[in-house]
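One structure is given here, and the rest of the page talks about it.
The values are calculated or read from the model by the stated rules, or taken from the named source; none is laboratory data. Just so we're clear, the structure is a prediction, and the values are computed from it rather than from any experiment. Neighbour counts are summed over all protein chains in view; Cβ atoms, including those assigned to glycine, are modelled from backbone coordinates with ideal geometry.
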Amino acid sequence: MLGRRGTLPFLVGPPLLWLAALFVAPLFLIVLFSLRPESGMVAPGRSWDPSLVQYAQVLNTPAFLRLLGTSTLIALGVAAMATLLAYPLAYFLAFRARARATLYLTLLLVPFAASYLLRIMSWKLMLGPAGVINSLLSSAGLIGEPLDLIFSRSAVVITLVYVWIPFAALPILAAMQRIQPSQLEAAADLGAGPWARLWRVTVPLSLPGALAAFFMVFIPTVGEYVTPTLIGGTGGIMYGNLISDFFGRGGNWPFGAALAMLMLLLTVILVVAAARAVNLRRLIS
């Protein structure tokens with residue numbers, strides 16, 4: 001029989017191969033594409049000398065850098081709002097739902113059964129001139145003409161927050177479920193009221209889950225391009241739309257790869273800086 005050391009390669013090997021094939025190898029190809037000096041699509045078998053020409057072109061285009069900064073700020077805002085709105089939802093599931101927690105959690109996950117594009121398109125209908133929001137406001141006599149809610153960055157932010165709230169609630173819920181009832185009971189015995197127990201016990205102990213939720217929303221939102229295309233239009237374009245256009249309609253893979261690598265570098269720097277600032281090890285311990 002195989003011992004612990006003998007079974008470890010069989011347990012770790014397949015996930016590592018899967019990660020290498022679907023993450024490391026594509027990322028390596030993107031790095032190689034970004035170092036090609038010529039523009040256009042990459043033909044297989046063509047020789048080339050590594051160059052930073054594409055990166056220099058991106059850095060010398062202020063419009064691209066401004067859009068990257070704007071997309072980063074949007075991602076930070078969406079992550080913060082989604083985390084704040086998901087926190088009370090996770091608190092309710094962890095401490096108030098009790099026997100019905102499984103039912104409510106299932107209802108929270110029901111939207112995932114629908115297509116992502118379908119959920120985005122539903123918000124396009126809701127935010128449109130004849131959509132639900134304008135119809136309700138008009139029926140209540142609050143507006144005389146339909147509000148211009150769609151094809152803007154505000155519409156993109158609203159839709160992305162809606163999309164990410166269920167995802168953000170899950171790591172927060174997992175962190176809250178690790179809080180022992182005895183810890184809250186001890187705080188109550190020491191005279192802490194409900195709000196004091198929330199801010200001095202629940203929030204600090206669930207903060208790692210909230211930070212995980214924040215980063216889980218922030219990282220993919222920086223490069224989001226589907227929602228800005230469908231909801232934002234030309235007024236809600238984000239950095240991910242540039243990458244998509246250069247790989248697609250523009251047909252300039254090296255330049256699109258350089259754009260993608262700069263976005264990845266900025267994201268990694270922000271995540272590492274935030275992790276060092278909040279000292280995750282101290283929080284978890």
Inset, instruction - With a cut-off of at least 3 residues that are out of contact with any helix residue (DSSP H, G or I) (no Cβ under 6 Å at 6 or more places or on another chain) and farther than 30 Å from Met41 by Cα, name the helices (runs of 4 or more DSSP H) lying wholly within the stretch 172-254. - result: 181-189, 194-197, 203-222
Inset, instruction - Six or more apart or on different chains, Cβ under 8 Å: which pairs go from a residue in the stretch 185-209 that's of a type outside the set (S, T, N, Q) to one that's surrounded by 11 or more Cβ atoms within 10 Å (Cβ to Cβ) and in a loop (DSSP other than H, G, I, E, B)? Could you list them? - result: Arg200/Ala192; Val201/Ile179; Val201/Ala192; Leu205/Arg178; Leu205/Ile179
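Taking the residues in the stretch 212-228 that are of a type in the set (A, V, I, L, M) and surrounded by fewer than 20 Cβ atoms within 10 Å (Cβ to Cβ) as candidates, determine which candidate is farthest from the chain's Cα centre (by Cα). Steps first, answer last, please.
First, pick out the residues of the stretch 212-228 that are of a type in the set (A, V, I, L, M): 212-213, 216-217, 219, 222, 226.
Among the residues that remain, those that are also surrounded by fewer than 20 Cβ atoms within 10 Å (Cβ to Cβ) are: 212, 216, 219, 226.
Details: Ala212: 11, Met216: 5, Ile219: 5, Val226: 13 Å.
Looking at residues that are of a type in the set (A, V, I, L, M) and surrounded by fewer than 20 Cβ atoms within 10 Å (Cβ to Cβ), I get Val226.
Determine, yes or no, whether Leu117 is modelled with pLDDT under 90, surrounded by fewer than 20 Cβ atoms within 10 Å (Cβ to Cβ) and either acidic (Asp, Glu) or assigned to a helix (DSSP H, G or I) (or both).
Details: modelled with pLDDT under 90: yes; surrounded by fewer than 20 Cβ atoms within 10 Å (Cβ to Cβ): yes; either acidic (Asp, Glu) or assigned to a helix (DSSP H, G or I) (or both): yes.
Considered against the rule, which asks whether it is modelled with pLDDT under 90, surrounded by fewer than 20 Cβ atoms within 10 Å (Cβ to Cβ) and either acidic (Asp, Glu) or assigned to a helix (DSSP H, G or I) (or both), Leu117 comes out as yes.
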Inset, instruction - State which residue pairs qualify: first residue part of a loop (DSSP other than H, G, I, E, B) and at pLDDT 85 or above and inside the stretch 43-57, second residue of a type in the set (Phe, Trp, Tyr) and surrounded by 10 or more Cβ atoms within 10 Å (Cβ to Cβ) in any location, beta carbons under 6 Å apart, and separation of 6 or more residues or different chains. - result: none
Legend entry - Hits in the stretch 138-158 - residues which are surrounded by 14 or more Cβ atoms within 10 Å (Cβ to Cβ) and in a helix (DSSP H, G or I): Ser138, Arg153, Ser154, Ala155, Val156, Val157, Ile158
Inset, instruction - Could you tell me whether any residue of the stretch 86-106 is within 21 Å of Ser244 (Cβ to Cβ) and out of contact with any Phe, Trp or Tyr (no Cβ under 8 Å at 6 or more places or on another chain)? - result: no
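Among the candidates Leu242, Leu207, Leu262, Leu170, single out the residue that is within 30 Å of Thr102 (Cα to Cα), aliphatic (A, V, I, L, M) and crowded, with 18+ Cβ neighbours inside 10 Å.
Result of the check over Leu242, Leu207, Leu262, Leu170: Leu170.
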Legend entry - First in the stretch 240-259 and more than 13 Å from Thr61 (Cβ to Cβ), second anywhere and crowded, with 19+ Cβ neighbours inside 10 Å and among the charged types (D, E, K, R), Cβ under 6 Å, 6 or more apart: Gly240/Glu224; Pro254/Arg36
